[in-house]
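Here's the structure we're looking at; comments come further down.
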Amino acid sequence: MEDQIQREPDALCRHCDSKVACFSKPEATYFTGLIACIVIMIFGIWSFCILPFAIPLSKAIVIRCARCNSKLETKQPFGLFSLKDEVLTIKLGDCVIVMTRTYLLAITIVVSALIMYWWYISIPPPKEIIYSNATWEEYLKDCGMEVVLVNGVRASQKFKTLYEGKTVQWDGYLVRATQNPGGYIFRGDHAVVILAKMVPTESNIHADIILTMDDHDFGSNISTLRSLQKGSHFRFNATFVSLGNENMLHHFHASYIEKLDGHMQIADHVHIVNQRYNVNNSPSKALDSGQ
């Protein structure tokens, strides 16, 4: 893939002080870098589909002296240029494809429209929120760790019947909150992972539940999350996702966090072993200021 060089009419070069042959070719400017940054910020990982067309489209046409290579004139993109300017050459073996701004502009628009349409149709419809009045104590009686170890099948059936997909408002104490790296495409519903202790607790060495948030809910609650420290008391609205067992915690998707008065002393060993509860193995960033 090469920039197209074109022969221009002879012109007077102020550097050579003579009338010389000229040539023109697309060259990147600060505007090219600006366009690339905007595309990356808007489209994220999908920008790799647009940048190969957007960058040549945003280059300026620079006319230079064929003798000293001095710049004689610059035709800025989206300004004093022709849509028929040949700005990109693609070589495929013996075949050469020369693309003008018209084709690059059309391809950029089509690709951008397809990505925007895919985003639109991929947004899930809002789910109906079904609230449950169940308490943490009632949940432990039906689906707590002891119940799961005695009869996991029965606990799983009760979870699916009474709890799965329903939303509760409970309160607990922060063990740790970590922000997972990556953008929307990679993080999904796990932009932030919150480990919490409940009362009564199921374990002296582990957190009791894991709360996850997507980017939207994380953005709505980020100031509250940053104000929490290890042991802080907080209220949360969360939807049951999966039943806990001897290898994993009870999993909820949280949508709302509110800081409450009160504090619980969290032992250091509880905090240290929490890394095994992270949703993925990627490096994470602690949000609680107490770390």
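All of the numbers you see were taken from the coordinates with simple rules; none came from a lab. As the structure is a prediction and not an experimental result, all values here were calculated from the model. Cβ atoms come from the backbone with ideal geometry, glycine included; neighbour counts cover every protein chain shown.
For Y256, the amide hydrogen comes within under 5 Å of the amide hydrogens of N237, counting only partners 5 or more places away or on other chains and with H modelled in the peptide plane. List residues of region 35-76, by number, whose backbone nitrogen lies under 17 Å from a label position 7 Å along Cα→C-beta of H15. Label zone hits: 61-75. Taking a point 7 Å from the Cα of W118 along the Cα-to-Cβ direction, the residues of region 31-47 with backbone N closer than 20 Å to it are 36-47.
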